[in-house]
Amino acid sequence: MQQRSDHSDLSPAVKGFAAHLVAWRNVLLGIGVIIAVLSVEPASRLRFDRSMENMFAEDDPVLIPYRRAKEIFSDDEIALAAYRDPELMTPAGITRVAEATERLSAVPGVGSVLSLSNSPFGTDIIDQSQPLHQSFVELFENYTVSTDRQTTALVCLLKPEADSKVSREETVDQLRAVIDDYPGGVVTGEPAMIVDGFRYLETDSVVLGNTATVLLVITILVSFRSFRWVIVPLATVVFTLLATKALLVLGNFRLTMVSSMLWAIIFVIGISATVHVIIRFREERHAGRSPRDSLYFCAATLALPILWTCLTDAAGFGSLLWAKVGPIRDFGVMMLCGSLIAIVSMCIMIPGLSILGSIDADPRRAWGERGLDFGLGTIIHFINRWPKTIGVFAALVAGTAIYGSRWVQVETDFTKNFRASSPLVRSYQFVERELGGAGVWDIFLPAPAEPDWNFVAKVRRLEERLRTETQVPDEQGLAQEGLTKVFSVVDAIDALNLGSLADNFSVPMLMDQMRGQMPAIMNVLWGQDPGPGAQHYLRIMLRAKERQPSAQKQQLIDEVLRISREEFGSEAQVTGFFVLLTQLINSILRDQWVTFLIASSMIGAMMLFAFRSLPVAMVAMIPNSLPIMIVNGLMGWLGVDVNMGAAMIAAVSMGLSVDSSVHYITEYLDARRSGYGVNEALAMVHQRVGRAVIFSTVALVSGFSALMLSQFIPLVYFGALMGLTMVGGSIGNLVVLPLLLKLVERLFGIRGAAPG
């Protein structure tokens, strides 16, 4: 039984819109080509934002002390160069340290280098017969020397990038070139992580885009055996990408950590909508219509569904604007623009290209598509025959999977955002193992311009509390020190036994003496607000293990802040890379469900407006919400931690997977309005839309699979989990959605709620 195909029930407005698209197709295509050409130059100027601050909202409280610390203490950015040398504390070993110090100091962009060899005792620091020398070495344990005295670290204090004649990337690369000459040499620190991270992302943006293109071209070519219908979606995607990038440049936006998937996501959006166009165009041609008439009826019947699908995509991405994690929020802006531009792109590019000339005009059936038809028919047959049994089974499977959500954990180690084989991860593992931990952070305290011995005693008491009261459980659950190093100018005074001179010298005099002997470290440990007469500050440098559970890290930070403020009041501040990354991780899980709820609310409102029926709107939402919750639950069952990429899938996949529901429900309502019974309408829609659902899902999974090649693990997660969610959404639309339509028909009866 075939559905009536005269399309007499289409509204005059939709018919008029379709007629204009067909009549003006060549003009629109020409305009599209001109816009694309004009967009090439500005699009090429889109660059990455490499700042740490970009990861947070502009008004995020965690940024206030971080920015103040940068203003107060000179040479605030630190790169740590380290290597292992069993002969470190021998004349030959300390000579190598001195050589490395000199070479690193000569690297452009480096302000100064702190090492064992440029202490006040010089290379004589290795003289074990001098207690003062040994006291000084102990002072710098887990900073410039390991506790076993076989690993050394050279602390490179970098000049502000604005004051340097070279980029931060060049500085880090030259530091690596120097330290590579020493056994097991590594470079770590915030500058190295940012440089390496964005280098991987820039490579990803090219590799992922090209890979997604190839995979999707192959998918379309195999599915429809037509080069023309490969060119049509490809041109649509290229226009969308160029226009989106150009618009972002004009809006002064920059790419962020997750932006390297921009090409892949835009490709997926364009392909998903185009697949429905291809199948409908093929059916109209098979019914005997001319290419022009086929295009007209294709545009008339799909205009509103495609509009709503693009809008739901935009809603899914737009919900990311409420995220606190900067890269996720910025990606939401980019993809919101891309989703809306995709609507324009389809109107401009598809009509002209689809019937331009006569070569390879019609898409063909895929090899084995007859088997697909049989499979779709079998599914709907079982649904119509055993709806209750299938519904109960689906509910049990979904409920069991979702139960695993209670065990979902957040990824705590930021280095796990990169592949284990990368130099960056290996470097951080080295520091974590040999130098007491890769978590580097600070306390800065208000201090008098000329501190006295009472102030020194107060700082000493604070440091003692930090060492003894901040404890965390080890792998066996036993208490251990939470901080592996606490270090300030007061420790230098104690190590050099300068406190014994209290009766003869003031603290400022001793600090001036140390500044003359160790200017680099004094600049790091003592500073003041810019401007004359401004507040002075003392800095306490902390080190902790990076690989700890997020809750444990947060507890440690809270304890340090509490103790500091008990001793020095509310002006005591705790900040640093360790603190920022912990806050970033803690924001991820919150963002996931906040953005999902916002996306669900916006998309639900759209479905209600489109179909003008609350039951139908709910039917559209449920099959696409379940896969998201199931995938999240499976992560809990399998022990897969949530990272930045996983936190985006809920909102984004809701927007993408609901597309098929819109097409399915629209076709179903049309069939019911044409007089078909429930089972007949479902059988007919399952064949037509089900085919498009399968093909678009294959295209979606192919596109997202390109992300598996990324060096940035959150993108790998995003690609894999989005693929799983898209497959789950297809199952939901082909199994759960028909069941829900049957249920709603029985309870409410739906016949005329066409989208509008």
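Select from region 676-688 the residues that are within 39 Å of the chain's Cα centre (by Cα), crowded, with 18+ Cβ neighbours inside 10 Å and touching a residue at least 40 places away in the same chain (Cβ under 8 Å) and list them in ascending order. His686, Arg688 - these are the residues of region 676-688 that are within 39 Å of the chain's Cα centre (by Cα), crowded, with 18+ Cβ neighbours inside 10 Å and touching a residue at least 40 places away in the same chain (Cβ under 8 Å). If the condition is being part of a helix (DSSP H, G or I) and of a type in the set (Lys, Arg), then region 34-74 contributes Arg67, Arg68, Lys70.
Only a single criterion out of (1) farther than 30 Å from Leu709 by Cβ; (2) open to solvent by 70 Å² or more (accessible area, probe 1.4 Å); (3) in a helix (DSSP H, G or I) is not satisfied by Arg426, namely (1). Across region 127-137, a minimum of one residue is classified as open to solvent by less than 10 Å² (accessible area, probe 1.4 Å), touching a helix residue (DSSP H, G or I) at 6+ places or on another chain (Cβ under 8 Å) and modelled with pLDDT of 85 or more. Filtering region 607-660 to residues that are of a type in the set (D, E, K, R) and part of a helix (DSSP H, G or I) leaves only Asp659. In region 140-155, is there at least one residue being of a type in the set (Val, Ile, Thr) and surrounded by fewer than 16 Cβ atoms within 10 Å (Cβ to Cβ)? Yes: region 140-155 contains one or more residues that are of a type in the set (Val, Ile, Thr) and surrounded by fewer than 16 Cβ atoms within 10 Å (Cβ to Cβ).
Condition first: of a type in the set (A, V, I, L, M, F, W, C), closer than 13 Å to Arg149 by Cα, without any contact (Cβ under 8 Å) to a residue 40 or more places away in the chain and touching a helix residue (DSSP H, G or I) at 6+ places or on another chain (Cβ under 7 Å). Can you find one or more residues in region 109-116 that meet it? Yes, there is a match, as at least one residue in region 109-116 is of a type in the set (A, V, I, L, M, F, W, C), closer than 13 Å to Arg149 by Cα, without any contact (Cβ under 8 Å) to a residue 40 or more places away in the chain and touching a helix residue (DSSP H, G or I) at 6+ places or on another chain (Cβ under 7 Å). Taken together, the criteria place Met644 among residues that are under 22 Å from the mean Cα position of the chain (by Cα) and of a type outside the set (Lys, Arg).
Residues are listed down the side, and each one gets a yes or a no for (1) among the aromatic types (Phe, Trp, Tyr); (2) in a helix (DSSP H, G or I); (3) modelled with pLDDT of 90 or more:
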{"site": "Tyr676", "(1), (2), (3)": "yes, no, no"}
{"site": "Val685", "(1), (2), (3)": "no, yes, yes"}
{"site": "Arg688", "(1), (2), (3)": "no, yes, no"}
{"site": "Ser696", "(1), (2), (3)": "no, yes, no"}
{"site": "Ala706", "(1), (2), (3)": "no, yes, no"}
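Restricted to region 595-605, and to residues there that are out of contact with any Leu (no Cβ under 6 Å at 6 or more places or on another chain) and crowded, with 19+ Cβ neighbours inside 10 Å, the residue that is farthest from Asn643 (Cα to Cα) is Gly604. Please go through region 257-302 and give me each residue that is assigned to a loop (DSSP other than H, G, I, E, B) and not β-branched (Val, Ile, Thr), ordered by number. Of everything in region 257-302, those that are assigned to a loop (DSSP other than H, G, I, E, B) and not β-branched (Val, Ile, Thr) turn out to be Met257, Ala287, Gly288, Arg289, Ser290.
Inspect all residues belonging to region 106-115 and state whether any of them is open to solvent by 60 Å² or more (accessible area, probe 1.4 Å) and under 20 Å from Tyr428 (Cβ atoms). No, that holds for no residue. Restricting Met629, Met618, Met635 to residues that are under 21 Å from the mean Cα position of the chain (by Cα) and open to solvent by 20 Å² or more (accessible area, probe 1.4 Å) narrows the list to Met629. Would you check if there is a residue in region 441-454 being of a type in the set (Val, Ile, Thr) and part of a helix (DSSP H, G or I)? So far as region 441-454 goes, no, none of its residues is of a type in the set (Val, Ile, Thr) and part of a helix (DSSP H, G or I).
When each of Val230, Val178 is tested for being open to solvent by less than 40 Å² (accessible area, probe 1.4 Å), free of Cβ contacts under 8 Å to residues at least 40 places away in the same chain and more than 26 Å from the chain's Cα centre (by Cα), the lone residue that passes is Val230. All conditions in (1) outside any loop (DSSP other than H, G, I, E, B); (2) more than 38 Å from the chain's Cα centre (by Cα) hold for Asp148, with the sole exception of (1). Exactly one residue out of Thr274, Thr213 is crowded, with 24+ Cβ neighbours inside 10 Å and out of contact with any Ser or Thr (no Cβ under 6 Å at 6 or more places or on another chain): that is Thr274. With respect to (1) open to solvent by less than 30 Å² (accessible area, probe 1.4 Å); (2) outside any strand (DSSP E or B), the lone exception for Ala82 is condition (2).
Matching residues to (1) closer than 30 Å to Ala366 by Cα; (2) of a type in the set (Asp, Glu); (3) open to solvent by 10 Å² or more (accessible area, probe 1.4 Å):
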position: Asp163; (1), (2), (3): no, yes, yes
position: Ser167; (1), (2), (3): no, no, yes
position: Tyr182; (1), (2), (3): no, no, yes
position: Pro191; (1), (2), (3): no, no, no
position: Val217; (1), (2), (3): yes, no, yes
position: Ile220; (1), (2), (3): yes, no, no
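Of the residues making up region 344-354, those that are surrounded by 19 or more Cβ atoms within 10 Å (Cβ to Cβ) and β-branched (Val, Ile, Thr) are Ile348, Ile350. Selection of region 503-527 for residues being at pLDDT below 85, touching a helix residue (DSSP H, G or I) at 6+ places or on another chain (Cβ under 7 Å) and open to solvent by 10 Å² or more (accessible area, probe 1.4 Å) yields only Arg515.
The values are calculated or read from the model by the stated rules, or taken from the named source; none is laboratory data. Note that this is a predicted model, so its numbers are computed, not measured. Methodologically, a virtual Cβ is constructed for each residue, glycine included, from the backbone with ideal geometry; neighbour enumeration extends over all protein chains shown. Ligands, DNA and RNA are excluded from the accessible area calculation, which covers all protein heavy atoms including side chains. Shrake-Rupley method; radii C 1.70, N 1.55, O 1.52, S 1.80 Å.
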